[in-house]
1. Any idea what the dipole of the chain comes to, in debye rounded to 20, about its Cα centre with Lys/Arg Cβ at +1 and Asp/Glu Cβ at -1?
2. So how tilted is helix 144-156 from the main axis of the chain? Cα-based, degrees 0 to 90, rounded to 10.
3. Using a Cα-Cα cut-off of under 27 Å, which lysines could be cross-linked to Lys44, ignoring same-chain neighbours fewer than 8 residues away?
4. Quick check: the distance between the Cα centres of region 194-227 and region 87-128, to the nearest angstrom?
5. Check Thr199: other-chain or 5+ apart residues with amide H under 5 Å from its amide H, H built from backbone geometry?
6. State, to one decimal in nm, how far the label point of Asn62 lies from the label point of Asn76, with both points 7 Å from Cα in the Cβ direction.
7. What is the diffusion coefficient of the chain in µm²/s, taking the Kirkwood radius over Cα pairs and the Stokes-Einstein relation at 25 °C with a viscosity of 0.890 mPa s?
8. Can you work out ³J(HN,Hα) from phi for every residue in region 49-63, in order, using Karplus 6.51 cos²θ - 1.76 cosθ + 1.60 and θ = phi - 60°, giving whole Hz and x for Gly and Pro?
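Where a number appears in this text, it was derived from the coordinates with a stated rule and is not lab data. Remember, it's a predicted structure, so these values are computed and weren't measured experimentally. Cβ atoms come from the backbone with ideal geometry, glycine included; neighbour counts cover every protein chain shown.
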Amino acid sequence: MDMVSFDDVSYTYPNQKENALKEVTFQVKKGESLFITGKSGSGKSTIARAIIGIIPHIIKGNLEGNVIVNGKNTRNVTVRKLATDVGYVFQNPESQFFTLTVDQEVSLGAENLGLDEIDKRVEKALQLVGLEDKRYESVFNLSEGEKQKVALASQLAMSPEVIVMDEPTSNLDPKATDDFFNILWNLRDKTLILIDHRTYRVPEIFERVIVMDSGMIVEDTDSEKLLDPD
Ligand code: ADP
Ligand code: ADP
């Protein structure tokens with residue numbers, strides 16, 4: 001079953017002439033782990049914004065084709081409605097923090113959606129990212145790597161099928177980066193999409209790599225067959 005499907009998707013940002021995405025087509029199966037790479041400006045973040053519904057609902061612009069996530073056409077559901085289907089983690093966790101303590105932060109999204117069993121959700125999510133012992137700490141006392149795990153846990157608490165991560169480790173040192181990628185093994189029953197412009201080390205969990213250039217997919221292959229890593 002496809003968890004994410006791009007069907008001939010083209011997209012132009014408001015007041016731009018050049019397409020940020022050009023006839024992009026790909027499918028991601030349930031449980032698959034996909035690494036999306038390509039140089040800056042190639043369209044990677046635009047794909048992430050389209051999957052979580054920010055495009056077209058918050059950043060309007062001109063979207064052609066269809067993006068289907070867990071059976072829902074993103075055109076027809078709100079970003080809020082998609083939150084239990086797809087979670088996301090961006091580069092700067094702090095810009096995603098609204099509260100003070102780890103448990104408050106992790107419960108916030110699930111609470112806002114009116115989901116049940118908040119305590120259980122928080123506990124499970126913190127377990128998955130290995131931060132049970134930081135449950136009552138202030139998020140602002142955590143290391144950068146721990147903050148990024150909190151950001152991930154807050155998405156996991158909404159039990160999404162798909163997790164989109166856009167350059168989640170670009171502010172982390174090599175040790176924290178390894179650490180972050182390692183906890184992804186705890187999530188391998190989910191559909192994982194990781195965006196990173198660095199291809200010199202695709203984390204082992206990602207079996208498949210898509211390479212973007214100028215808004216187009218130029219390669220879609222097994223990660224072990226990826227040619228010309230820079
Ligand atoms: P990244 O390469 O990490 O995706 P960018 O440097 O492309 O980030 O973009 C950083 C921010 O600037 C994003 O919020 C993006 O939406 C915005 N942005 C990028 N290009 C433009 C542009 N041509 N006009 C307006 N905003 C832009
Ligand atoms: P990447 O994530 O690979 O760096 P992006 O998806 O951010 O690439 O950008 C793809 C293209 O869209 C680039 O030309 C970029 O300048 C443009 N772009 C990105 N965000 C915006 C935005 N908010 N407004 C206008 N143009 C944007």
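1. Details: 26 positive and 38 negative charges, 124 e Å.
Taking the Cα centre of the chain as origin, the dipole is about 600 debye.
2. Result, in degrees: 80.
3. Excluding near neighbours in sequence, the set is Lys17, Lys22, Lys29, Lys30, Lys60, Lys72, Lys81, Lys147, Lys149, Lys175, Lys190, Lys225.
4. Computed from Cα coordinates, the inter-centre distance equals 29 Å.
5. Asp230
6. It works out to 2.5 nm between the two label points.
7. Details: Rh = 17.9 Å.
In µm²/s, the coefficient rounds to 137.
8. Using θ = phi - 60°, the values come out as 5, 6, 5, 8, x, 4, 9, x, 7, 10, 8, 6, x, 10, 9 Hz.
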